[in-house]
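Written below as structure tokens is the structure these notes are about.
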Amino acid sequence: MEHRNISILGSTGSIGTQTLDVISDTHNIKINYLTTNSNVELLEEQCTLFTPKGVVISDYEAFKQFKTKTNFKGEIHFGDDGFNIVAAEKSTDLLISSLVGFAGVIPTLNAINNNIDVALANKETLVAAGEIINRAAKNNNVNIFPIDSEHSAIQQCLTGEKIGEVEKLILTASGGPFLDTPLEKFDSITIEDALNHPNWTMGSKITIDSATMMNKGLEVIEAYWLFGLPIEDIDVIIHPQSIIHSMIQFVDSSVKAQLGLPDMKVPIAYAINFPHHKPYPYKRMNLAEIGILTFFEPDFNKFPNLKLAYKALEKGGTSCCILNAVNEITVKKFLEGKICFNEISEINSLMLDKIETTNNPSIQDIIEADKNARIITNEYIKSTNGISK
Ligand code: MN3
């Protein structure tokens, strides 16, 4: 599979910029579209370096500013209409889906329906609409390559193997910055504490999700849709060094793991070059230098969000979509200082119980469930001013 024409949804974000780093280290790749929310300065630089066919800007003020000031000679589109153009461009053979949040779902689905392979960094696409995405991918014979260290690890382990011979997927989790923080101290966790991740440099939403372990919960849901094993055969183990990126256990008890330094460029390069490992100059792992790898069972009392993900998967229908939407709001409210750290999972849990689920959802049901869950959560937080404050 040679991917030669690539578009990036969210090219100025953490995954987007790292993808462009990988592409600048790869031969013969042409960029079709780049998109940003509002970071037009960086977009301008990217246009100069990569000369895409066009760009999309989601923020209207930023769009107007870019249009008047830019030296870029290609197409300049605004908002959802722009995303539709990106998703409809038939010459694109790989879409890097790295928008943040639910905004990534529809453009990704549209690209799949237009027979474009997807490298998926946007978690919400599979979390909110896994069933629909899988059906669309199957119907259109489209491949989905995960851009996430854990799922990329599993995909690398599975290459050359038969999924029917796999007994268990074992996702590793760093445990985040509060692995060793006692539960009694969770009440006083600040925004700065939570944004300080020990191993990975990422955007703020996913960094908070790592601190609450919702990130791992969302990854369990993603793994469920990507690899098709039953929920009970997807395990999580805490591995603070983030060197083993995930493992698969076969029916004969053999375990296969993928290791490496924590660097998102590796899963990005694998997604672009699948099933090949092409030469890149990235820093090599030295296990003797690392010395010790440790593992623990996850603590569901400290990190109830992880349990909530399994619960939502079992409930099915729009439950995972609801959990994801509620969590986006609670994380946002935490970052705004409106609720405290513990309230993220408390409100997530409350809303998952309270908000009604729709079974066998259509994409319209998903969009409505997402919108509705946000409204209910926002209203709840407003009415209570948080739980404990
Ligand atoms: Mn991950």
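Sorted from longest to shortest, the spans of the Cα atoms of region 316-389 along the three principal axes equal 38, 18, 18 Å. Kirkwood analysis of region 196-300, using all unique Cα-Cα pairs, places the hydrodynamic radius at 15.8 Å.
The separation of region 8-57 from region 89-124, counted between C-alpha centres, amounts to 15 Å. For region 267-286 and region 216-249, what is the separation of their Cα centres, given in Å? Using only Cα atoms to place each centre, the spacing works out to 21 Å.
Once the Cα-Cα distance is subtracted from the 0.36 nm per residue extended length, the Lys338 to Asn143 segment shows a gain of 66.1 nm. Projected onto the charge dipole of region 1-63 (+1 at Lys/Arg Cβ, -1 at Asp/Glu Cβ, origin at the Cα centre), which of Thr17, Val55, Leu42 gives the Cα projection farthest towards the positive end? Projecting each Cα onto the dipole axis, the largest value belongs to Val55. For the chain, relative contact order (Cα pairs under 8 Å, six or more residues apart, normalised by length) works out to 15 percent. Considering only Gly337, Phe102, Asn215, and ranking their Cα positions along the charge dipole of the chain that arises from unit charges at the beta-carbon of Lys, Arg, Asp and Glu, the one farthest toward the positive end is Phe102.
List His277, His77 from most exposed to least, where exposure is judged by having the fewest other Cβ atoms within 10 Å. Don't jump to the answer; show the numbers that get you there.
On the way: His277 12, His77 20.
Taking fewest neighbouring Cβ atoms as first place, the list is His277, His77.
Stokes-Einstein diffusion coefficient for region 119-201 at 10 °C in a medium of 1.306 mPa s, Rh from the Kirkwood formula over Cα pairs: what value in µm²/s? Taking Rh from Cα pairs, D becomes 99 µm²/s. Remark: Thr17, Thr294, Thr318 ranked as Thr294, Thr17, Thr318, counting other beta-carbon atoms within 10 Å and listing the fewest first.
Counting only whole DSSP H helices of the chain, the ones at least 18 Å long by C-alpha along their axis and with mean Kyte-Doolittle hydropathy no lower than 0.5 are 319-335.
Could you compute the FRET efficiency for Asp80 and Ser254, with r as their C-beta to C-beta distance and R0 at 56 Å, rounded to 0.05? Intermediate results must be reported in sequence, preceding the final value.
Numbers: r = 47 Å, r/R0 = 0.84.
Efficiency at R0 = 56 Å is approximately 0.75.
First check a/c for the chain, with a ≥ b ≥ c the square roots of the eigenvalues of its C-alpha gyration tensor; if it is under 1.5, answer rounded, and if not, answer prolate when a/b is larger than b/c or oblate otherwise.
On the way: a/c = 1.41, a/b = 1.14, b/c = 1.24.
Rounded shape, in that the Cα axes give a/c under 1.5.
The H on the amide N of Asn32, modeled in the peptide plane, is under 5 Å from the matching H of Ile6, Ser7, Lys53, each at least 5 residues off or on a different chain. In a reduced charge model with +1 at each Lys and Arg Cβ and -1 at each Asp and Glu Cβ, the chain shows a dipole moment near 700 debye about its Cα centre.
For Thr17 and Asp353, the difference between the fully extended length at 0.36 nm per residue and the C-alpha to C-alpha distance is 117.2 nm.
With a ≥ b ≥ c the root eigenvalues of the C-alpha gyration tensor of region 4-146, is it rounded (a/c under 1.5), prolate (a/b larger than b/c) or oblate? Note, shape of region 4-146 comes out prolate.
Got a sec? How would Ser242, Ser149, Ser97 order by Cβ neighbour count within 10 Å, fewest to most? Kindly include the intermediate steps, with their values, before the conclusion.
Working: Ser242 20, Ser149 25, Ser97 28.
Ranked by crowding around the Cβ, least crowded first: Ser242, Ser149, Ser97.
Under a 10 Å cutoff between Cα atoms, tell me which one of Ala325, Ala257, Ala153 has the largest fluctuation in the Gaussian network model of the chain. Maximum among the listed residues: Ala257. I'd like to know which of Asn348, Asn139, Gln249 lies farthest towards the positive end of the charge dipole of the chain, counting +1 on Cβ of Lys and Arg and -1 on Cβ of Asp and Glu. Positive-most Cα among the choices belongs to Asn139.
Each reported figure results from applying straightforward, stated rules to the coordinates on display, with no laboratory input. If you're wondering where the values come from, they're calculated on a predicted model, not measured in any experiment. Note: ideal-geometry Cβ built from the backbone for every residue, glycine included; neighbour counts use all protein chains shown.
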